[in-house]
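Chemist: Right, I'll just put the structure down here and ask away after.
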Amino acid sequence: MKKRRKNPPRKPWRKSPPISAARAVNGEDPDKLQMEAYTEAGLPGTTPYTKMEKMRRDTLPPQHEKVMNLKPGEVSEIFSDPGGAYFIYKMISKETLTLEDVKTEIPHHNLQPAISRAHEKIFKAT
């Protein structure tokens, strides 16, 4: 009978972030910082992409929305989630969308409450 080879144990995340926020503030490459954090935590594989372009407030987790108040060049506080992940945001640029930019989204946005109510009725009936 062969013994199954166990995966090497992963290092637990520390109580504090595995990278220095000061390094991010000083402009160090976020991809490099993320790679170091994954290596230190013993996480295998490719790290997620660090660039989040053209983000909107409503696409962020509610506790992260305040990063939209940063001025270009500013770096956020460190956010953590229950799963042990850490997030640092740096505002590169900001722009206000024009009516023309969002015109196609307006009908969908206005229909969303009606769609939600219809789903609720369907699921309550079953």
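The values are calculated or read from the model by the stated rules, or taken from the named source; none is laboratory data. What you are looking at is a predicted structure, and each value in this text was computed from that prediction instead of being measured. Note that we place each Cβ from the backbone using ideal geometry, even for glycine, and neighbour counts take in every protein chain shown.
Chemist: Just to be sure, is Thr50 at pLDDT below 85, of a type in the set (Val, Ile, Thr) and more than 18 Å from the chain's Cα centre (by Cα)? Lay out the reasoning, then the answer.
Modeler: Numbers: at pLDDT below 85: yes; of a type in the set (Val, Ile, Thr): yes; more than 18 Å from the chain's Cα centre (by Cα): no.
Answer is no for this residue.
Chemist: Confirm whether Phe123 is surrounded by 11 or more Cβ atoms within 10 Å (Cβ to Cβ) and of a type in the set (A, V, I, L, M, F, W, C).
Modeler: Details: surrounded by 11 or more Cβ atoms within 10 Å (Cβ to Cβ): no; of a type in the set (A, V, I, L, M, F, W, C): yes.
Taking the combined requirement at face value, the residue does not satisfy it.
Chemist: Run down Val75, Val67 and say which single residue is at pLDDT 80 or above, in contact with a helix residue (DSSP H, G or I) (Cβ under 6 Å, 6 or more places away or on another chain) and surrounded by 10 or more Cβ atoms within 10 Å (Cβ to Cβ).
Modeler: Val75
Chemist: Which residue pairs have Cβ atoms under 7 Å apart, sit 6 or more places apart or on different chains, and have a first residue in the stretch 66-77 that is touching a residue at least 24 places away in the same chain (Cβ under 8 Å) and a second that is loosely packed, with under 15 Cβ neighbours inside 10 Å and among the β-branched types (Val, Ile, Thr)?
Modeler: Cβ pairs passing all conditions: Val75/Val25.
Chemist: Only one residue in Asp58, Asp101 is in a helix (DSSP H, G or I), surrounded by 10 or more Cβ atoms within 10 Å (Cβ to Cβ) and modelled with pLDDT of 80 or more, so which one is that?
Modeler: Result: Asp101 is the single residue among Asp58, Asp101 that is in a helix (DSSP H, G or I), surrounded by 10 or more Cβ atoms within 10 Å (Cβ to Cβ) and modelled with pLDDT of 80 or more.
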